[in-house]
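*Asks:* Following this message is one structure expressed as structure tokens.
The values are calculated or read from the model by the stated rules, or taken from the named source; none is laboratory data. Computed from a predicted model, the values in this text were never measured in an experiment. Heads up, the Cβs are rebuilt from the backbone with ideal geometry, glycines too, and the neighbour counts pull from every protein chain shown. Just the protein is used for accessible areas: all its heavy atoms, side chains included, with ligands, DNA and RNA removed. Shrake-Rupley method; radii C 1.70, N 1.55, O 1.52, S 1.80 Å.
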Amino acid sequence: MCSVRCSDPTVSRLVDALAAAGPKALAAIRSAGAEVREWVWKLAGPAAPDATGQVIVDLDGVLVLAHSEKQDAAATWNKTFGHHPLMAFVDHGPGGSGEPVAALLRPGNAGSSTAADHIEATRLALAQLPKHYRRGRQTLIRTDSGGGTHEFVAWLAQRGRWLSYSVGRTITDAIHQAVLKIPSSAWTPAIEPGGEIRDGAWVAELDGDCLNGWPKGTRLIVRKERPHLEAQLRLTDADGLRLTCCATNTTDLPIADLELRHRRRARAEDRIRAARATGGLRNLPLHDSAQNQIWLEIVQLALDLLAWMPMLALTGKARLWEPRRLRLRLFSAAAQLVTTARRRHLRFAHH
């Protein structure tokens with residue numbers, strides 16, 4: 001492995017130049033990323049995220065704290081101060097990690113349920129995928145309840161777009177009352193990733209008035225589960241059980257499989273943790289929003305490399321290594337670069 005280190009002033013001047021170019025620089029960076037991504041996926045073959053014929057894109061918001069006055073830094077929903085970017089990651093499945101495909105810089109007070117932001121982030125994400133995945137049911141968009149808005153779901157399901165979706169739903173009073181009316185025989189045990197039954201959790205499908213205003217074909221799946229001992233129940237929970245809900249337009253899978261698929265959306269939190277571990281998302285180091293948007297693009301390029309290298313070169317559990325372990329096991333490992341017989345060899349110690 002070799003690396004090139006630049007001084008802070010050099011990096012700052014580069015970011016300033018790219019930020020001054022405005023949308024042209026962003027378009028060029030993103031276009032190059034999309035082109036390389038398609039090539040890498042082809043090289044990866046069965047290890048590529050689209051090997052099953054479906055691509056899963058997870059959207060999630062990230063709070064990035066600011067310790068000084070920066071453009072668009074504002075008070076956040078959890079009483080901190082900074083920015084609230086909305087990011088999208090392609091999921092590599094349980095045997096891999098994931099790669100970023102969109103990072104939309106937003107003020108700290110940006111809402112978690114702003115449909116326009118979810119639509120824009122999804123547009124950016126789709127533009128990063130190979131063309132045949134930019135529309136159609138083979139592309140699944142997953143979000144938490146922040147993306148569970150009528151406007152965003154209608155956009156996903158719009159004629160000519162026909163994307164698959166699995167979005168969280170807030171437990172409204174109507175949903176709560178409908179859950180109370182579900183007979184015990186209608187509940188199905190929830191399952192774990194290995195297919196075994198999830199202890200103390202059940203799922204059921206709702207219909208009727210709970211689906212008013214949602215696109216045709218939407219399925220509403222609710223889960224009830226015994227909370228852990230220290231959990232505080234909410235007013236929307238029922239009979240001492242924690243309720244969660246998701247909506248999807250997938251019709252060919254059992255509800256237990258659909259609920260498990262939606263629960264795996266939490267893997268996006270792993271991607272965010274990895275982004276913080278690189279230092280890229282610990283804070284936004286520059287003052288202007290245009291500069292920090294360029295910074296986010298650079299962070300995505302770094303995360304792409306950290307995702308593509310294991311996908312192309314590692315197998316087994318090593319594909320799941322996060323940045324800190326990659327740094328310890330591979331990037332910081334001492335080796336010798338030896339030239340002999342007109343060939344170069346990178347020699348690591350056997351241990």
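*Asks:* Considering the zone a paramagnetic label at Ser112 would reach in this model (a point 7 Å from Cα along the Cα-to-Cβ line), which residues of the range 125-163 have amide N under 14 Å from it?
*Replies:* 143-149
*Asks:* Collect residues whose amide H, placed 1.01 Å from N in the peptide plane, falls under 5 Å from the amide H of Gly98; neighbours closer than 5 in sequence don't count.
*Replies:* His92
*Asks:* On to the next question. Could you check which residue among Ala125, Ala47, Ala335 shows the biggest mean-square fluctuation in a GNM of the chain with a 10 Å Cα cutoff?
*Replies:* Looking only at Ala125, Ala47, Ala335, the biggest GNM fluctuation is shown by Ala335.
*Asks:* When the chain is fully extended, how far beyond the present Cα-Cα distance does Arg264 get from Glu205, taking 0.36 nm per residue of separation?
*Replies:* This chain segment gains 19.4 nm when fully extended.
*Asks:* Same structure again: If you take the square roots of the eigenvalues of the alpha-carbon gyration tensor of the range 1-129 and sort them as a ≥ b ≥ c, do you get rounded (a/c under 1.5), prolate (a/b over b/c) or oblate?
*Replies:* Verdict is oblate for the range 1-129.
*Asks:* Considering only protein heavy atoms, with the full assembly of protein chains and a 1.4 angstrom probe, order His350, His67 by accessible area, largest first.
*Replies:* From most exposed to least exposed: His350, His67.
*Asks:* Then there's this: Under a point spin-label approximation (7 Å from Cα along Cα-to-Cβ), what is the Thr340-Thr52 distance to one decimal in nm?
*Replies:* Distance between the two pseudo-spin positions: 4.6 nm.
*Asks:* Determine the sum of side-chain charges near Leu258: Lys and Arg each +1, Asp and Glu each -1, restricted to other residues whose C-beta is under 15 angstrom from that of Leu258.
*Replies:* +4
*Asks:* Are there trypsin sites (Lys or Arg not before Pro) in the range 92-193 that DSSP marks as loop and that have at most 11 other Cβ atoms within 10 Å, and which are they?
*Replies:* Answer by residue number: Arg159, Lys181.
*Asks:* Right, another one. Pairing the Cα long axis of helix 267-277 with the longest principal axis of the chain, what angle in degrees results, from 0 to 90 and rounded to the nearest 10?
*Replies:* Helix 267-277 sits at roughly 30 degrees to that axis.
*Asks:* Which of the GluC sites (Glu not before Pro) found in the range 47-153 are loop residues per DSSP with 16 or fewer other Cβ atoms within 10 Å of their Cβ?
*Replies:* Glu69
*Asks:* Would you kindly derive the ³J(HN,Hα) couplings of the range 77-92 from the backbone phi angles with the Karplus curve 6.51 cos²θ - 1.76 cosθ + 1.60 (θ = phi - 60°), listing them in order in whole Hz, with x for Gly and Pro?
*Replies:* 5, 9, 6, 9, 9, x, 10, 9, x, 10, 10, 10, 10, 7, 7, 8
*Asks:* I want to verify a result. In a Gaussian network model of the chain, Cα cutoff 10 Å, which of these has the top mean-square fluctuation: Asp60, Asp199, Asp72?
*Replies:* Asp199
*Asks:* In degrees from 0 to 90, rounded to the nearest 10, what is the angle of the helix 23-44 Cα long axis to the longest principal axis of the chain?
*Replies:* That helix lies at roughly 80 degrees to the long axis.
*Asks:* Next up: Just to confirm a number: summing +1 for Lys and Arg and -1 for Asp and Glu over residues other than Asp199 whose beta-carbon lies under 10 angstrom from that of Asp199, what do you get?
*Replies:* -1
*Asks:* Full extension from Ser332 to Ile182: what is 0.36 nm times the residue separation minus their Cα-Cα distance, to one decimal in nm?
*Replies:* Stretched fully, the Ser332-Ile182 segment lengthens by 48.4 nm.
*Asks:* Which value at 222 nm does the chain reach when only helices count, each DSSP H run of 4 or more adding -39,500 (n - 2.57), with the total divided by all residues and rounded to the nearest 500 deg cm²/dmol?
*Replies:* Taking each H run of at least 4 residues, the total per residue is -10000 deg cm²/dmol.
*Asks:* What nm distance separates the two modelled labels at Asp16 and Lys79, each placed 7 Å from Cα along Cα→Cβ?
*Replies:* 4.0 nm
*Asks:* Same structure again: As an exercise, identify the trypsin sites (Lys or Arg not before Pro) in the range 1-86 lying in DSSP coil whose Cβ has no more than 13 other Cβ atoms within 10 Å.
*Replies:* Qualifying residues, ordered by number: Arg5, Lys79.
*Asks:* Considering only the other residues whose Cβ falls under 13 Å of the Cβ of Arg134, what net charge follows from Lys and Arg at +1 and Asp and Glu at -1?
*Replies:* +4
*Asks:* Using alpha carbons only, how many degrees (0 to 90, rounded to 10) separate the axis of helix 8-21 from the longest principal axis of the chain?
*Replies:* Rounded to the nearest ten degrees, it is 60.
*Asks:* I need the Kirkwood Rh of the range 237-351: take the reciprocal of the average 1/r across all distinct C-alpha pairs and report it in angstrom.
*Replies:* One decimal place: 18.6 Å for the Kirkwood radius.
*Asks:* Right, here's the next one. Identify which of the listed values of mean projected area of the Cα convex hull in nm² was calculated from the structure shown: [x] 18.8; [y] 30.7; [z] 21.8.
*Replies:* For mean projected area of the Cα convex hull in nm², the calculated option is [z].
*Asks:* Under the rule a/c < 1.5 gives rounded, and otherwise a/b versus b/c splits prolate from oblate, where does the range 82-166 land using the Cα gyration tensor?
*Replies:* It comes out oblate by the Cα gyration axes.
*Asks:* If I take R0 = 30 Å and measure r between the Cβ atoms of Ser31 and Leu63 in this structure, what FRET efficiency does the formula 1/(1 + (r/R0)^6) give, to the nearest 0.05?
*Replies:* With a Förster radius of 30 Å, E is 0.55.
*Asks:* Let me ask something else about it. Which whole-Hz ³J(HN,Hα) couplings does the range 168-174 yield from phi under the Karplus relation 6.51 cos²θ - 1.76 cosθ + 1.60, θ = phi - 60°, glycine and proline marked x?
*Replies:* Coupling constants for the range 168-174: x, 10, 5, 6, 7, 5, 5 Hz.
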